[in-house]
Amino acid sequence: MLYSERVMDHFTNPRNVGTMDNADGVGEVGNVKCGDIMKIFLKIDNDIITDVKFSTFGCGSAIASSSMATEMIKGKPLSQALELTNQAVVEALDGLPAHKLHCSVLAEEAVKAAVKDYYDKNGIEYDKEIFAQTHDCEHCGE
Ligand code: FES
């Protein structure tokens, strides 16, 4: 079986799908190679992510990754959401095939972009390093 049961579960029954009116932070990222797009909406109260929604125009692995990522950051402080790595998402999904690892990177980047949007909108100072586009997805070489 190419995909774990968890991946299949989050693909066929994704959590937190949708959009959000009056989101406090919105992050949209795309993968230039495949053209897939992921958007994440955050509701933030006192530095805590009280609600999160995502919409993904992308492959099954991207949908499963965003679903899992939203579950992992819901109810968590922003600092924790910023520490979410694509590796952690992949582990929580019980793995992704090597050529699909880049799909999980979209989830990490979309979460970061949404938090950055919130910081920018509210004039909150942050360490720009956190948002430097670096990830170590050695398999896809992106
Ligand atoms: Fe594009 Fe998966 S193939 S995100």
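The values are calculated or read from the model by the stated rules, or taken from the named source; none is laboratory data. Please read these numbers as outputs of a predicted model, since none were measured by experiment. Cβ coordinates were reconstructed from backbone atoms using ideal geometry, including for glycine residues, and neighbour counts include every protein chain displayed.
Okay, residues lined up against (1) part of a helix (DSSP H, G or I); (2) touching a strand residue (DSSP E or B) at 6+ places or on another chain (Cβ under 7 Å):
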| residue | (1), (2) |
| --- | --- |
| 40 | no, yes |
| 50 | no, yes |
| 55 | no, yes |
| 63 | yes, yes |
| 68 | yes, no |
| 71 | yes, no |
| 75 | no, yes |
| 90 | yes, no |
| 99 | yes, no |
Quick check on my filter: what residues within region 18-38 are in contact with a strand residue (DSSP E or B) (Cβ under 9 Å, 6 or more places away or on another chain), within 16 Å of the ligand (Cβ to nearest atom) and on the phi < 0 side of the Ramachandran plot? 27, 28, 29, 30, 31, 36, 37, 38
Pairs returned, first residue in region 36-53 that is of a type in the set (Ser, Thr, Tyr), second residue that is assigned to a strand (DSSP E or B), beta-carbon separation under 9 angstrom, 6 or more apart or interchain, are 50/42; 50/43; 50/44
Please specify each residue of region 92-125 satisfying the condition of being within 16 Å of the ligand (Cβ to nearest atom) and hydrophobic (A, V, I, L, M, F, W, C). 93, 96, 98, 101, 103, 105, 106, 107, 110, 111, 113
Show the residue pairs that are 6+ apart or on different chains and have beta-carbon atoms under 7 Å apart, the first residue being within region 93-108 and within 20 Å of residue 39 (Cα to Cα) and among the polar types (S, T, N, Q), the second being in a helix (DSSP H, G or I) and more than 9 Å from the ligand (Cβ to nearest atom). 104/86; 104/89; 104/90
One residue is enough: does region 48-68 have a residue meeting the conditions acidic (Asp, Glu), closer than 17 Å to residue 24 by Cα and at pLDDT below 95? no
Under the condition of being within 16 Å of the ligand (Cβ to nearest atom) and outside any loop (DSSP other than H, G, I, E, B), which residue from region 1-11 is nearest to residue 78 (Cα to Cα)? 10
Can you work out which of the residues in region 101-135 that are part of a helix (DSSP H, G or I) and in contact with a Lys or Arg (Cβ under 8 Å, 6 or more places away or on another chain) is farthest from residue 29 (Cα to Cα)? 130
So how many residues does region 1-19 have that are within 16 Å of the chain's Cα centre (by Cα) and surrounded by fewer than 18 Cβ atoms within 10 Å (Cβ to Cβ)? 4
Every residue from region 22-38 that is assigned to a loop (DSSP other than H, G, I, E, B) and over 20 Å from residue 78 (Cα atoms): 31, 32, 33, 34, 35, 36
Identify, from the list 128, 100, the residue that is at pLDDT 90 or above and at negative phi. 100
